[in-house]
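K.L.:
What follows is a structure written as structure tokens; I'll ask about it next.
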Amino acid sequence: MSLLEVRDLKIRAGARRLVHGVGFSLGAGERLGLVGESGSGKSLIAMSLVGLLAPGLRAEGSVKLDGREVVGRPERDLTPLRGSLAAVVFQDPRAALDPLMRIGAQMAAPIRRRARREGLSLDARALKAEMIAALERVAISEPERILAAFPHEVSGGQRQRVAIAMALSCRPRLLIADEPTTALDVATQAEILDLLDRRIREEGLALLFISHDLPVVARIADRVVVMRRGEAVEEGPTARVFARPEHDYTRGLIAAARRLEQALEGGS
Amino acid sequence: MKRLTLRLGLLLVGFNLAVGLLTFFWTPHDPGAMIGGRLSPPSWTHWAGTDRLGRDFLSQVMVGARIALLVGAGATLLGGAVGISLGVLAAYARRGLDDAFAAALDILIAFPTLLLAMLVVAASETASLGTAILAIGLAMSAIIARLARILTKRVLAQDYVTAARCSGLSWARLTRTHVLPNILPTLAVALAAQFGLAVIAEASLSYLGLGAPPPNASWGTLLQQAQSTVHRAPIGVILPGLALVSLVLGINFLADGLRDLLDPEREGAE
């Protein structure tokens, strides 16, 4: 049985259809890229997978997380389901952390929740050790200083690492990464991608990676779904889709990415 | 400059508070006792003269500070508690419910605060300190609720809230750890400003005879009583007027100073 099974997922805002019948599945340890231009419905799909669509949006169809239906489930049933199965990392590192809380206090919350779920009790020292270990796993060099800092005192790349550490500290089985590198500079982008790649491999996570950036997706995903205006136009192994795209839209995307690359190279 | 307004505000409010507290233990004379001549001018025994019933005027104005602060603080507490609870809950509610709530608040806010307060007083049997607090507090809660709702929605739209909810954070804990700390600084400033308005509203209600009944010497009541004799004894209008201005101005300075101190936008900016 696959970890995530999406069938005929539709999302609408009132009478307007935003996503029309998308389906894909994701097994444990698999990596799926969701590609498409802005407004193609990628992020909406991601949010509907964990039942966190913005108010006013409605999902229909079927999303099964570990065999349990998410669509149409009441909030109180979803809360425990979310923590243990899926975690998200977002695009904007500025919004990823509460500006009024020290990073340590924010990191402690998901770790404590996980411990409670597993029936463990953590004392202050074990908690701190665990937080430091989590930060070291995302290659943060001075974990003690970061824990005592407020979000505005650390850099965007570090905040994104903290967000990833927090997402992973729940020990989810599926990580949803919604454009996690888009707001970062190129060097930091590469570091974060490497980091995600390593963590996912080592912890055996499934990954749903959402991006408009084809080279980034090509680096991290095994399979891709290409989205356009709320519809999946093409699906297949990453290498095949990028080498021999079947749909015109995919071809257009790849050509555009290539043109951009050439323009950059030609200009420098 | 910013510190100056905060200090000036603290000074003025502190002075009024000190006078108000003092009246619990001591006033120059019993404010209700008719001991002097009618409308006698200021003298060594009656520093601010007497009113038309021969009561010591300074004692009455001092008691007025106590009433103004009591009603102001009570109404602010009530308005804050009711407003913040309703506003936060509305922000969590399903869309239809939330829209209905927002519309109801807009309608309530469209009524002038004083009119709303008068309706509450009129609906209760007798006017007392309690009804004044209730009336002003409820009228205020609509304004606070609307602000709390918008601020909460802004916090809920943040990625860190979504990420936290995705990691299994319950609504109750979300409110305590993320929502309240992020909305309270702004609400504190709004509540301080509302405190000043509540003091004015109390004086207005009393002036109209809808506030605390005699022998409570509210500044509004004193102003109303002195109105007919303003040419013979102008101090009867000047003193409670000045007292009211000093307290409201002090509170507004305090609110301004608080805003500079607590503004999360300026603090969080990089």
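Computed from the coordinates by the stated procedures, all read-outs in this text should not be read as laboratory data. All of these numbers come straight from a predicted model, not from anything done at the bench. Counting neighbours? That spans all protein chains shown, and the Cβs are built from the backbone with ideal geometry, glycine included.
K.L.:
Gaussian network model of chain A, Cα springs within a sub-10 Å range: biggest mean-square fluctuation belongs to which of A:ALA256, A:ALA15, A:ALA149?
P.N.:
Result for chain A, Cα springs under 10 Å: A:ALA15 fluctuates most.
K.L.:
Output the 0 to 90 degree angle, nearest 10, between the alpha-carbon long axis of helix B:129-156 and the longest principal axis computed from the alpha carbons of chain B.
P.N.:
On a 0 to 90 degree scale, this one is about 30.
K.L.:
Next question, about the same structure. If you keep only loop residues by DSSP, which trypsin sites (Lys or Arg not before Pro) in segment B:66-160 have at most 13 other Cβ atoms within 10 Å of their Cβ? Don't jump to the answer; show the numbers that get you there.
P.N.:
Numbers: sites: B:ARG66, B:ARG94, B:ARG95, B:ARG146, B:ARG149, B:LYS153, B:ARG154; in loops: B:ARG94.
For trypsin sites (Lys or Arg not before Pro) across segment B:66-160 that sit outside H, G, I, E and B with at most 13 neighbouring Cβ atoms in 10 Å, the list reads B:ARG94.
K.L.:
Sticking with this structure for a sec: State the volume of the convex hull built on the alpha-carbon positions of segment B:129-249, expressed per residue in Å³ and rounded to an integer. Intermediate values should be presented prior to the final figure.
P.N.:
Working: hull volume 13.0 nm³, N = 121.
About 107 Å³ per residue, rounded to a whole number.
K.L.:
For a quick check of your reading of the filter: which chymotrypsin sites (Phe, Trp or Tyr not before Pro) in segment B:7-37 sit in a DSSP loop and have no more than 14 other Cβ atoms within 10 Å?
P.N.:
Working: sites: B:PHE15, B:PHE24, B:PHE25, B:TRP26; in loops: B:PHE24, B:PHE25, B:TRP26.
Those that pass, being in a loop and sparsely packed, are B:PHE24, B:PHE25, B:TRP26.
K.L.:
Something else: Using helices alone, what [θ] at 222 nm do you get for the protein assembly as shown, with -39,500 (n - 2.57) per DSSP H run of 4 or more residues, divided over all residues and rounded to the nearest 500?
P.N.:
Numbers: 21 runs with 311 residues, N = 538.
Estimated from H runs of four or more residues: -19000 deg cm²/dmol.
K.L.:
Report the per residue volume, in Å³, of the convex hull enclosing the C-alpha atoms of chain B. Don't skip to the end; give the middle numbers.
P.N.:
Details: hull volume 39.6 nm³, N = 270.
That works out to 147 Å³ per residue.
K.L.:
When N counts the residues of chain A, how does its alpha-carbon radius of gyration compare numerically with 2.2 N^0.38 Å, as a ratio?
P.N.:
Numbers: Rg = 18.9 Å, N = 268, 2.2 N^0.38 = 18.4 Å.
Expressed relative to 2.2 N^0.38 Å, the Cα Rg reads 1.03.
K.L.:
How large is the dipole of segment A:115-268 about the Cα centre if only Lys and Arg carry +1 and Asp and Glu carry -1, each at its Cβ, rounded to the nearest 20 debye?
P.N.:
Numbers: 22 positive and 24 negative charges, 63 e Å.
Using Cβ point charges on Lys, Arg, Asp and Glu, segment A:115-268 gives about 300 debye.
K.L.:
Please enumerate, by chain and number, the aspartates and glutamates with C-alpha under 16 Å from the C-alpha of A:LYS128, excluding those fewer than 8 residues away in the same chain.
P.N.:
Partners within reach: A:GLU136, A:GLU142, A:GLU144.
K.L.:
First check a/c for segment B:38-123, with a ≥ b ≥ c the square roots of the eigenvalues of its C-alpha gyration tensor; if it is under 1.5, answer rounded, and if not, answer prolate when a/b is larger than b/c or oblate otherwise.
P.N.:
Values: a/c = 5.89, a/b = 3.20, b/c = 1.84.
The shape class here is prolate.
K.L.:
Using alpha carbons only, what's the Rg to Rh ratio of segment A:130-196 with Rh from Kirkwood? Present the calculation step by step, with values, prior to reporting the outcome.
P.N.:
Details: Rg = 11.6 Å, Rh = 12.3 Å.
On the Cα set of segment A:130-196, Rg over Rh gives 0.94.
K.L.:
Past the 23 Å Cα-Cα mark, which pairs from A:LYS64/B:LYS153; A:LYS10/A:LYS64; A:LYS42/A:LYS64?
P.N.:
Numbers: A:LYS64/B:LYS153 29 Å; A:LYS10/A:LYS64 14 Å; A:LYS42/A:LYS64 18 Å.
Flagged as over cut-off: A:LYS64/B:LYS153.
K.L.:
Return P(r) of the protein assembly as shown (all Cα-Cα pairs; 20 Å bins starting at 0; whole %; ordered from short to long distances).
P.N.:
19, 38, 25, 15, 4, 0
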